[in-house]
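The values are calculated or read from the model by the stated rules, or taken from the named source; none is laboratory data. Since the structure is predicted, the reported quantities are computational estimates derived from the model, not experimental observations. Here the Cβ positions follow ideal geometry from the backbone for every residue, glycine too, while neighbour counts run over all protein chains shown.
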Amino acid sequence: MSSAVADAHHAEAKGLLEVKPGPILLLGAPGVGKGTQAKELEAKWGIPQISTGDLLRYNRDRGTELGLKAKALMEAGKLVPDELVNAMVAERLKEPDTANGYILDGFPRTLGQAKWLDGHIGAGADPKSGAALPVIAVSIQVGYNELLRRITGRRICPVCGTIYNIYLQPPKVDGKCDLDGTPLVRRSDDTEEVFKERMRTYETQTAPVVEHYRALGRFEEVDGSQPVSAVAAGVEAAVERLRSSATEKKQNNGV
Ligand SMILES: [Zn+2]
């Protein structure tokens, strides 16, 4: 391939992904700032965020058939099985706002869900739409000690809701809100014990999903210890790289 052709090819791939980011799975341990980054991606590409928590609430509040089934299980203290969550996602993906892509948050959470999603995307969508592109996964990484400081250092003003961090964003006067002088409080689950347990759960749950996308060459990590805008730029660059290489592979396979 001559360099002119390579450039043209590159430009074409780039142009394509500027309109069609496709399905993006955003991963990150508790406290990495995943929600903030999802909002940045939503704003950049105008694509919706799809979280299983929101889907469960939506279906439950509307009393849909899927929602009623999930509600009964949750009230009985049981896990909502993959098939039920998958069915909710399938319904959501029929909405026209997913045509250029979407951000997945909390789904797929198991290998079974990931495999189902790959098959569902291949089978269902209009082949020319962004929704037909393969899932790519981006993980926001922050070191254990920094995450621990972000979480155990968090203090909240019970009156105005301002959030401080005794290590990273301390109040002017120790233990008091800058705005109203109220003594700051620590949420009962912002402890090292709770954090450790959540990290263990996160890592155990996510590992097979990460391995799945890594093996397919559709996984990248981004350094989440930088300022929000730098992390956002890193996530966008990772999406663009993954999207152009995934698109090239697809073209080379003649699919
Ligand atoms: Zn306050």
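Among the residues in the stretch 15-24, are any aliphatic (A, V, I, L, M) and modelled with pLDDT of 95 or more?
Looking for residues that are aliphatic (A, V, I, L, M) and modelled with pLDDT of 95 or more, one finds at least one in the stretch 15-24, hence yes.
Yes or no: the stretch 56-65 includes at least one residue that is closer than 17 Å to Thr206 by Cβ and more than 16 Å from the chain's Cα centre (by Cα). Before you say what the answer is, go through the steps one by one.
Residues of the stretch 56-65 that are closer than 17 Å to Thr206 by Cβ, as a first pass: none.
No, the stretch 56-65 has no match at all.
Among the residues that make up the stretch 125-140, is at least one of them touching a strand residue (DSSP E or B) at 6+ places or on another chain (Cβ under 7 Å) and acidic (Asp, Glu)?
Taking every residue of the stretch 125-140 in turn, none turns out to be touching a strand residue (DSSP E or B) at 6+ places or on another chain (Cβ under 7 Å) and acidic (Asp, Glu).
Give the number of residues within the stretch 45-67 that are more than 30 Å from Ala232 (Cα to Cα) and surrounded by fewer than 13 Cβ atoms within 10 Å (Cβ to Cβ).
Here is the first cut: in the stretch 45-67, the ones more than 30 Å from Ala232 (Cα to Cα) are 59-67.
Next cut, surrounded by fewer than 13 Cβ atoms within 10 Å (Cβ to Cβ) only: 61-63, 65.
Residues meeting the conditions: 4.
Looking at Ala72 and the list (1) part of a helix (DSSP H, G or I); (2) buried (at least 16 other Cβ atoms within 10 Å of the Cβ), which single condition is not satisfied?
(2)
Here's a check for you: in the stretch 226-246, which residue that is under 19 Å from Lys39 (Cβ atoms) and touching a residue at least 40 places away in the same chain (Cβ under 8 Å) is surrounded by the fewest Cβ atoms within 10 Å (Cβ to Cβ)?
Start the filter on the stretch 226-246 by keeping residues that are under 19 Å from Lys39 (Cβ atoms), which leaves 226-240.
When the remaining residues are screened for being touching a residue at least 40 places away in the same chain (Cβ under 8 Å), the result is 228, 231-232, 235-236, 238-240.
On the way: Val228: 13, Val231: 24, Ala232: 20, Val235: 25, Glu236: 18, Ala238: 20, Val239: 24, Glu240: 15.
Taking the candidates together, the pick is Val228.
Just one of (1) surrounded by 17 or more Cβ atoms within 10 Å (Cβ to Cβ); (2) in a helix (DSSP H, G or I) trips up Ala123, so point out which.
(1)
Please go through the stretch 65-115 and give me each residue that is of a type in the set (D, E, K, R) and over 23 Å from Pro208 (Cα atoms), ordered by number.
Glu65, Lys69, Lys71, Glu75, Glu91, Arg92, Lys94, Glu95, Asp97
I'm checking my understanding of the structure. Among residues of the stretch 154-164 that are closer than 15 Å to Ser188 by Cα and within 25 Å of the chain's Cα centre (by Cα), which one is farthest from the ligand (Cβ to nearest atom)?
Here is the first cut: in the stretch 154-164, the residues closer than 15 Å to Ser188 by Cα are 154-158, 163.
From the residues that got through so far, the ones that are within 25 Å of the chain's Cα centre (by Cα) too are 154, 163.
Working: Arg154: 14, Ile163: 10 Å.
The extreme case among them is Arg154.
Among the residues of the stretch 179-203, what is the count of those that are modelled with pLDDT under 95, assigned to a loop (DSSP other than H, G, I, E, B) and surrounded by 15 or more Cβ atoms within 10 Å (Cβ to Cβ)?
Residues in the stretch 179-203 being modelled with pLDDT under 95, assigned to a loop (DSSP other than H, G, I, E, B) and surrounded by 15 or more Cβ atoms within 10 Å (Cβ to Cβ): 1 in total.
Starting from the stretch 213-224, keep only residues that are over 17 Å from Ala237 (Cβ atoms) and at pLDDT below 95, then list their pairs with residues that are surrounded by fewer than 18 Cβ atoms within 10 Å (Cβ to Cβ) and among the aliphatic types (A, V, I, L, M) whose Cβ atoms are within a distance under 7 Å, requiring at least 6 positions of separation or different chains.
Qualifying pairs under 7 Å: none.
Is it true that some residue in the stretch 227-243 is part of a helix (DSSP H, G or I) and among the basic types (Lys, Arg)? So that I can check it myself, show each step before the final result.
As a first pass, look at the stretch 227-243 and keep what is part of a helix (DSSP H, G or I): 228-243.
When the remaining residues are screened for being among the basic types (Lys, Arg), the result is 241, 243.
There is at least one residue in the stretch 227-243 that is part of a helix (DSSP H, G or I) and among the basic types (Lys, Arg).
Would you please list the contacts, defined by Cβ atoms under 9 Å and residues six or more apart or on different chains, that run from a residue in the stretch 170-181 that is farther than 15 Å from Ile156 by Cβ to a residue that is within 8 Å of the ligand (Cβ to nearest atom)?
Partner pairs satisfying both residue conditions: Lys172/Asp178; Val173/Gly181.
Kindly establish whether Thr162 is modelled with pLDDT under 95, hydroxyl-bearing (Ser, Thr, Tyr) and surrounded by 12 or more Cβ atoms within 10 Å (Cβ to Cβ). First the steps, then the outcome.
Numbers: modelled with pLDDT under 95: no; hydroxyl-bearing (Ser, Thr, Tyr): yes; surrounded by 12 or more Cβ atoms within 10 Å (Cβ to Cβ): yes.
For Thr162, the condition - modelled with pLDDT under 95, hydroxyl-bearing (Ser, Thr, Tyr) and surrounded by 12 or more Cβ atoms within 10 Å (Cβ to Cβ) - is not met.
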